[in-house]
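> Structure incoming, see below.
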2 protein chains.
Amino acid sequence: MPKDLSLAVDAMGGDYGPEINVPGSLAAARETGAKIILVGDEASINQELGRHAHNDLEVEVVHTTQVAGMAERPSDILRRKKDSSIQVAFRLVREGRAQGVVTAGNSGAALACGMFILGRINGVDRPALASIMPTLKKPIVLIDVGANADCKPYNLVQFGLMAEVLARHVLGIASPKVGILSIGEEEGKGNALTKEAYSLLKSSSLNFIGNVEGRDVFTGETDVIVCDGFVGNVALKLSEGLGSALTTMLKTELKRSIWSKLGTLIALPAFKRFTKKIDYAEYGGAPILGLNGIAIVCHGSSNARAITTALQQAALFVRKKANDQIVQGLHANTELSLFSRSGQSSVMRREASGL
Amino acid sequence: MPKDLSLAVDAMGGDYGPEINVPGSLAAARETGAKIILVGDEASINQELGRHAHNDLEVEVVHTTQVAGMAERPSDILRRKKDSSIQVAFRLVREGRAQGVVTAGNSGAALACGMFILGRINGVDRPALASIMPTLKKPIVLIDVGANADCKPYNLVQFGLMAEVLARHVLGIASPKVGILSIGEEEGKGNALTKEAYSLLKSSSLNFIGNVEGRDVFTGETDVIVCDGFVGNVALKLSEGLGSALTTMLKTELKRSIWSKLGTLIALPAFKRFTKKIDYAEYGGAPILGLNGIAIVCHGSSNARAITTALQQAALFVRKKANDQIVQGLHANTELSLFSRSGQSSVMRREASGL
């Protein structure tokens, strides 16, 4: 029986290549019922496939001869590595052979492939990287976490419109609350960018709840938090770094005496539940929103579980027709998304700057 | 014997007023040998003084009739509350009766009092709020954490010059490494502001080590990290929020079974050491750098220990003549601090904008 859904996986991507991408993909094929297209070096992929039962699954291998390095410049990968697993995986989506792509490879290259191979959804000025973050209450969406270092106010509105669809259809939140990451709760607090974005968001169709301070991100009260890609990337990486620093500090203290070692041993199941709760692998990858196709970027150090979760997200996104919902959201707010407050449209801006 | 050093304390500041400010100040007087001037409602202060032995210490009370609220607008406090404890405490520094001031009150009001009562050090374009943060290795300085939401590239250079003095003389680091908070390690990564600041910092007299990513803040490898006040405030509050969310999550898991409760009890000393290590009270307050006088702002929820640590920092700052060092640092880099890359001086900019 032919599958309703095909997903492409950059099998060479990430720090471990086929070793984690193949088993992660097979688990996702089993859980979602999707067909998986593994893109990369055929021999390495087949070797890994030989290690896992998959006769009940629909799996295709597309052979490629090049691999994109994690440290290579995205523009170089785009220009010189036409047969790299990441480029070919994105092309499968453009050609309609797959409806979504997951990669743990070079995230700059993934953004570039998204922009130049898939292209932007009509009306989207800047695609953005969304991160699903664990909080005290439930996962939330932080957007943009790195695609756009410098933003205009209306970009933040579009980020909100796109991420609201993610929160609604992937996280299953009925009427997502949207906030803006800022420094002070009251209207009028923030920098020039957030203050202007605040008034645009207020008149949008979104369930806008105002400013959210850094300390309130992890309470989980706000479902979608928008910010520029510089602030979002700093926030995301700072959270990762702090999480790992705190874990290290706690471990060091717990290992210091025989008593605390014993105590830790007795409380081990609790520590394991805690670790699982804050494990990024449970939250999948970061979708690039605003492209003609579904693309999800995973951490370079992803394990098989993270790849599985990302593919599940991709499947959900495709089946919920998330991109159609994004188009509708943009359409319902055209006056906000196409025009900045000065009344100049983003298209005019691009033309004026010669891009 | 008259003391070489007097420090003023806003005794009404913070969530608990004299109840924590008085004992915190007495401990600091004992440890630093400084004279302490407690500013606020005389009756409340004397009542609290009556609870603690202090005959061996030099303590003065300056009575004031007004208190600045935590939610009041700084400009209102400045204009309408001339006899508020925070304003009077800052005036004692301007009048030379104290060399430094510590407040756990409204931080916006503290910044306003700093700017308008103490004034800026000659050559400083924008005073900034520095935070001393715990890391895996040792405390580091993050600057600016909230005084300036929108910055010019040369502001970031001045922040670096001022914080370097703090790292050198208060944290005791011989040749502090200065980095810029950004999104990618390589030169050329970042937003418009950080990219321009990067090239200015490279040609400064600072020991500049380049970009620092969010995930590397807590490794403690970089001694001073500069950023604009928006990014810094988000980073600071996000760290506080995440730290407390992780602690809550871990506690919840540890309380779930009788076994994990037992394990926690056995490992309790380790948990206590861990908590102390990440307790902000051990790291004092956030100095406002660039003012004619030493001013340190503490968290509104500060305990007595945090007030003591902040006063110790203030004493160290005064005794090390930190402000003279800042003047020297600015002087050694005049061409960077007064001119932006476009060749327009900050003074000219201000004149052009009519300020």
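The values are calculated or read from the model by the stated rules, or taken from the named source; none is laboratory data. Computed from a prediction, not measured in an experiment: that's the story for all the values here. Ideal geometry is used to build each Cβ from the backbone, glycine not excepted, and the neighbour counts take in all protein chains shown.
> Which count do you get for residues in segment A:71-91 that are closer than 23 Å to A:ILE36 by Cβ and under 20 Å from the mean Cα position of the chain (by Cα)?
The qualifying residues number 7.
> So which of B:VAL59, B:VAL9, B:VAL102, B:VAL39 is of a type in the set (Val, Ile, Thr), in the same structural domain as B:ASN303 (by TED's automatic domain parsing) and surrounded by fewer than 20 Cβ atoms within 10 Å (Cβ to Cβ)? So that I can check it myself, show each step before the final result.
On the way: B:VAL9 fails: surrounded by fewer than 20 Cβ atoms within 10 Å (Cβ to Cβ); B:VAL102 fails: surrounded by fewer than 20 Cβ atoms within 10 Å (Cβ to Cβ); B:VAL39 fails: surrounded by fewer than 20 Cβ atoms within 10 Å (Cβ to Cβ).
Every option except B:VAL59 fails the conditions.
> Shifting gears a bit: What number of residues within segment B:147-199 are within 14 Å of chain A (Cβ to nearest Cβ), crowded, with 24+ Cβ neighbours inside 10 Å and more than 23 Å from A:GLY184 (Cβ to Cβ)?
Qualifying residue count for the region: 4.
> Take segment B:142-158 and flag every residue that is hydroxyl-bearing (Ser, Thr, Tyr) and farther than 17 Å from B:HIS331 by Cβ. Quick ask: steps written out before the conclusion?
Going through segment B:142-158, the residues hydroxyl-bearing (Ser, Thr, Tyr) turn out to be B:154.
Across segment B:142-158, there are no qualifying residues.
> If the requirement is being crowded, with 18+ Cβ neighbours inside 10 Å, touching a Pro at 6+ places or on another chain (Cβ under 7 Å) and under 21 Å from A:ALA306 (Cβ atoms), which of these qualifies: A:ILE45, A:ILE86?
Exactly one of A:ILE45, A:ILE86 is crowded, with 18+ Cβ neighbours inside 10 Å, touching a Pro at 6+ places or on another chain (Cβ under 7 Å) and under 21 Å from A:ALA306 (Cβ atoms), namely A:ILE45.
> Taking the options A:VAL234, A:VAL224, name whichever one is assigned by TED's automatic domain parsing to the domain that holds A:ALA163 and in contact (Cβ under 8 Å) with a residue 60 or more places away in the chain. Before the answer, list the steps.
Working: A:VAL234 fails: in contact (Cβ under 8 Å) with a residue 60 or more places away in the chain.
Within the list A:VAL234, A:VAL224, the selection yields A:VAL224.
> Among the residues of segment A:219-228, write down those that are at the interface with another protein chain (Cβ under 8 Å from one of its Cβ atoms) and either among the basic types (Lys, Arg) or surrounded by fewer than 24 Cβ atoms within 10 Å (Cβ to Cβ) (or both).
Selection gives A:THR219 alone.
> Only one residue in B:LYS255, B:LYS277, B:LYS202 is free of Cβ contacts under 8 Å to residues at least 24 places away in the same chain, of a type in the set (Lys, Arg) and within 12 Å of another protein chain (Cβ to nearest Cβ). Which one?
B:LYS255
> Those residues that are over 18 Å from the mean Cα position of the chain (by Cα) and either modelled with pLDDT of 95 or more or within 8 Å of chain A (Cβ to nearest Cβ) (or both), I need them from segment B:205-217; list them, please.
B:ASN207, B:PHE208, B:ILE209, B:GLY210, B:ASN211, B:VAL212, B:GLU213, B:GLY214, B:ARG215, B:ASP216
> Kindly indicate which of B:GLY343, B:GLY290 is at positive phi and modelled with pLDDT of 90 or more.
Values: B:GLY343 fails: modelled with pLDDT of 90 or more.
Selected residue: B:GLY290, the only one of B:GLY343, B:GLY290 that is at positive phi and modelled with pLDDT of 90 or more.
> Also, I was wondering about something else. Of the residues B:ALA167, B:ALA192, B:ALA163, B:ALA245, only one is touching a helix residue (DSSP H, G or I) at 6+ places or on another chain (Cβ under 7 Å), of a type in the set (A, V, I, L, M) and either farther than 25 Å from B:ALA314 by Cβ or in contact (Cβ under 8 Å) with a residue 24 or more places away in the chain (or both); which? Write out each step before concluding.
Details: B:ALA167 fails: touching a helix residue (DSSP H, G or I) at 6+ places or on another chain (Cβ under 7 Å); B:ALA192 fails: touching a helix residue (DSSP H, G or I) at 6+ places or on another chain (Cβ under 7 Å); B:ALA163 fails: touching a helix residue (DSSP H, G or I) at 6+ places or on another chain (Cβ under 7 Å).
Exactly one of B:ALA167, B:ALA192, B:ALA163, B:ALA245 is touching a helix residue (DSSP H, G or I) at 6+ places or on another chain (Cβ under 7 Å), of a type in the set (A, V, I, L, M) and either farther than 25 Å from B:ALA314 by Cβ or in contact (Cβ under 8 Å) with a residue 24 or more places away in the chain (or both), namely B:ALA245.
> Shifting gears a bit: Residues that are closer than 30 Å to B:ASN191 by Cβ, away from chain A (no Cβ under 14 Å) and not charged (D, E, K, R): does segment B:236-252 have at least one?
Step one: filter segment B:236-252 for residues closer than 30 Å to B:ASN191 by Cβ, giving B:236-246.
Restricting the remaining residues to those that are away from chain A (no Cβ under 14 Å) gives none.
No, that holds for no residue.
> Can you pull out every residue in segment B:65-83 that is surrounded by 23 or more Cβ atoms within 10 Å (Cβ to Cβ) and at pLDDT 95 or above?
None - no residue of segment B:65-83 is surrounded by 23 or more Cβ atoms within 10 Å (Cβ to Cβ) and at pLDDT 95 or above, so the list stays empty.
> Under the condition of being modelled with pLDDT under 95 and not β-branched (Val, Ile, Thr), which residue from segment A:128-139 is nearest to A:VAL93 (Cα to Cα)?
Restricting to residues being modelled with pLDDT under 95 and not β-branched (Val, Ile, Thr), the top hit is A:SER131.
> Restricting the search to segment B:302-336, which residues are in a helix (DSSP H, G or I), closer than 29 Å to B:LEU5 by Cβ and at pLDDT below 85?
B:GLY329, B:LEU330, B:HIS331
> From the set of residues in segment A:258-274 that are more than 10 Å from B:ALA267 (Cβ to Cβ) and among the charged types (D, E, K, R), which is nearest to the other protein chains (Cβ to nearest Cβ)? Give the derivation first.
Of the residues in segment A:258-274, the ones more than 10 Å from B:ALA267 (Cβ to Cβ) are A:258, A:268-274.
Those still in the list that are among the charged types (D, E, K, R) too: A:272-273.
On the way: A:LYS272: 9, A:ARG273: 5 Å.
Across segment A:258-274, the extreme among qualifying residues is A:ARG273.
> For segment B:105-134, give me each residue that is polar (S, T, N, Q) and surrounded by 23 or more Cβ atoms within 10 Å (Cβ to Cβ).
Across segment B:105-134, the qualifying residues are B:ASN106, B:SER107, B:SER131.
> Looking at segment B:133-141, is at least one residue of a type outside the set (Lys, Arg) and either more than 14 Å from every other protein chain (Cβ to nearest Cβ) or closer than 25 Å to B:THR334 by Cβ (or both)?
Going through segment B:133-141, the residues of a type outside the set (Lys, Arg) turn out to be B:133-136, B:139-141.
Subset that is either more than 14 Å from every other protein chain (Cβ to nearest Cβ) or closer than 25 Å to B:THR334 by Cβ (or both): B:141.
Checking segment B:133-141: at least one residue is of a type outside the set (Lys, Arg) and either more than 14 Å from every other protein chain (Cβ to nearest Cβ) or closer than 25 Å to B:THR334 by Cβ (or both).
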